[in-house]
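The structure appears below as structure tokens.
Read-outs: derived from the displayed coordinates by stated rules, not from any lab. Everything numeric in this text was worked out from a predicted model, so none of it was measured. Reconstructed Cβ throughout: ideal geometry from the backbone, glycine too, with neighbour counts over all protein chains shown.
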Amino acid sequence: MRALLSVADRTGIERLVRLLLDQGIDVVATDATREALALDGIEVAAVGVTPPVPGPSRAFHPEVYAGILARRDAPEDLAELGLHGYGLVDLVIVNVPPFRPHAGDRVVPLDEALAMIDVAGVALLSAAARNYASVAVASHPSQYPLLIEEIERHGLVSPETRLRLAAQAFAAVAAYHAEVASYLHHIGGERFPSELTMVLRKTRDLPYGANPHQRAAVYRDMGGRAGSLAEARQLQGPDPTYNDLLDLDAAWRTVSDFGSPTCCIAKQLNPIGLASRDSLLEAYRHALEADPVAAYGAVLGVNRVVDAATAEEIALSAYEAIVAPGYSDEALRVLATRPAISLLELGDGSDETTPDHLDLRRIDGGVLIQTPDRAALDRAQLNVVTRRRPTLEELTDLLFAWRAVRHVTSNAVVLARHGALVGVGAGQASRLTAVEIAIHRAADRASGAVLASDAYFPFADAIALAAERGVTAIIQPGGSVRDEMAIEVADRHHLAMVFTGRRQFRH
């Protein structure tokens, strides 16, 4: 039996190689792997080929691939090996250096990035996986314990395990090539290539899906930015559920859209409380005021490191989970008194060299893909269409509400005052109903508030209702055939109304 080694990630390789040698298995390795093993006092042979060729080129030699690909049940293959004096390879242990971290974490010239692309390693993995009937292939250190267990017990790797390892090797090769393709599409400016490849790597299994009878797991988009929810570090509490993660994503997506200290309380994929203030503590307090009853059992997202003062107030309420860039040591001690709250830490997601992510939505038989809605709205883009112009305070709240409403499920209407939501109407088939719900949630706080609508008002009845309940200013895209009627009703109620010329549906 002979094993061939070429590993960039050397985690756990020493134990595996010692076992192979103890079992009398002939081990050969590429130069870098041999040198690393020698530092641990393990001597293995070099990949020898005839005639001799320079270092890295040996991995492409026909002798290597013939030994891997030869079918053990095909006499003609074995005869050809004997004719050339080639030996069989029964175990291939190869992993390649990840391409994206090397080319993505720093800006490098294209020729340098291309030189980083591994060719020999992925070719060896493909060859070994193709001949899994006779060859075992390990493409990741996480597979070593299984190899060690089977070799210790039986002296070989079972057919069932070889099949599983082959599938994982082909997946690793596909993922590697997908990362390279994503990088080249990115630098080439091709946002929607004819064939879009993505790399998804499982980060955790979930207890169940949206319902207990459904299975679920979390996969990280390897082409995305660092510091994502899919790879968040859990500091405390039970594992978040499938539904928790959906709500945490809504909360984190919302607070990430604001530059000031911001807090979002989310439930059923929508913010039910949202506020921006000069301090995180004040932002939390005003976010909670929006709907303290609905906040029970919700999730919380903040865009600043959680401090002790904020943690003390958070601990007074019952949340499922919190997501934040980080937590102070004092905040962790405070929140430790609420062990049922799951704490997720995202860290720094400031890597600007990776490709921009795309929004994906699964449909029957395919996927819908779009660029994310991140476009900022400048005050100069606003078109005041009423006789009364908004005051500076109203304008500030209008811009806050317009940014907030794009994170609410359509048809969406929000009411805001002093940089905080006071009412939300989400996911309604009728825009009038969305206004009614937002006003009902706001109650007395609707008086003096501003209103944002993610699309135009097809009828003016909703504008009249908002005015009757004390709303003083409205921001909306405009574009309806009945815009003149809407403007007339707004003028009649002395409302200020501005058009953005752009809608913000979130279906």
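Placing unit charges on each Cβ (+1 for Lys and Arg, -1 for Asp and Glu) gives the chain a dipole about its Cα centre, and among 207, 46, 300 the Cα reaching farthest toward its positive end belongs to 300.
Tell me, 499, 457, 505 in order of fewest to most beta-carbon neighbours within 10 Å?
Working: 499 21, 457 26, 505 13.
Exposure proxy ranking, most exposed first: 505, 499, 457.
I'd like to know which of 321, 29, 109 lies farthest towards the positive end of the charge dipole of the chain, counting +1 on Cβ of Lys and Arg and -1 on Cβ of Asp and Glu. With unit charges placed on the Cβ atoms, the residue in question is 321.
Charged neighbours of residue 328, selected by a Cβ distance under 12 Å, balance to -3 (K, R count +1; D, E count -1). How far is helix 13-22 tilted off the main Cα axis of the chain, in degrees rounded to 10, range 0 to 90? The answer is roughly 20 degrees. Other residues lying with their Cβ under 11 Å from the Cβ of residue 298 contribute a combined charge of -3, Lys and Arg counting +1, Asp and Glu -1.
Projected label points at residue 378 and residue 40, each 7 Å from Cα along the beta carbon direction, are separated by 5.8 nanometres.
Is it possible to state the helix-based mean residue ellipticity at 222 nm for the chain, with each DSSP H run of 4+ residues giving -39500 (n - 2.57), the sum divided by total residues, to the nearest 500 deg cm²/dmol? What is it?
Numbers: 17 runs with 182 residues, N = 507.
The helix-only estimate for the chain comes to -11000 deg cm²/dmol at 222 nm.
Projecting the Cα atoms of 311, 67, 498 onto the dipole axis of the chain, where Lys and Arg carry +1 and Asp and Glu carry -1 at the beta carbon, places 498 farthest toward the positive end.
Fewest first, what order do 296, 144 take by the number of other Cβ atoms within 10 Å?
Numbers: 296 12, 144 18.
Sorted ascending by nearby Cβ count, the order is 296, 144.
Taking other Cβ atoms within 10 Å as a rough exposure proxy, 13, 363, 322 sort from fewest to most as 363, 13, 322. Centre-to-centre, using Cα atoms only, segment 60-82 and segment 234-305 are separated by 60 Å. Shown here: semi-axes √(5λ) of the Cα gyration tensor in Å, derived from the displayed model; of the candidates (1) 37, 26, 23; (2) 59, 25, 19; (3) 41, 24, 21, it corresponds to (2). Taking Cα atoms only, the orientation of helix 280-289 departs from the longest principal axis of the chain by about 60 degrees. Quick one: helix 392-405 against the long Cα principal axis of the chain, what's the angle to the nearest 10°, folded into 0 to 90? Orientation of helix 392-405: about 40 degrees from the principal axis.
Other residues lying with their Cβ under 13 Å from the Cβ of residue 169 contribute a combined charge of +3, Lys and Arg counting +1, Asp and Glu -1.
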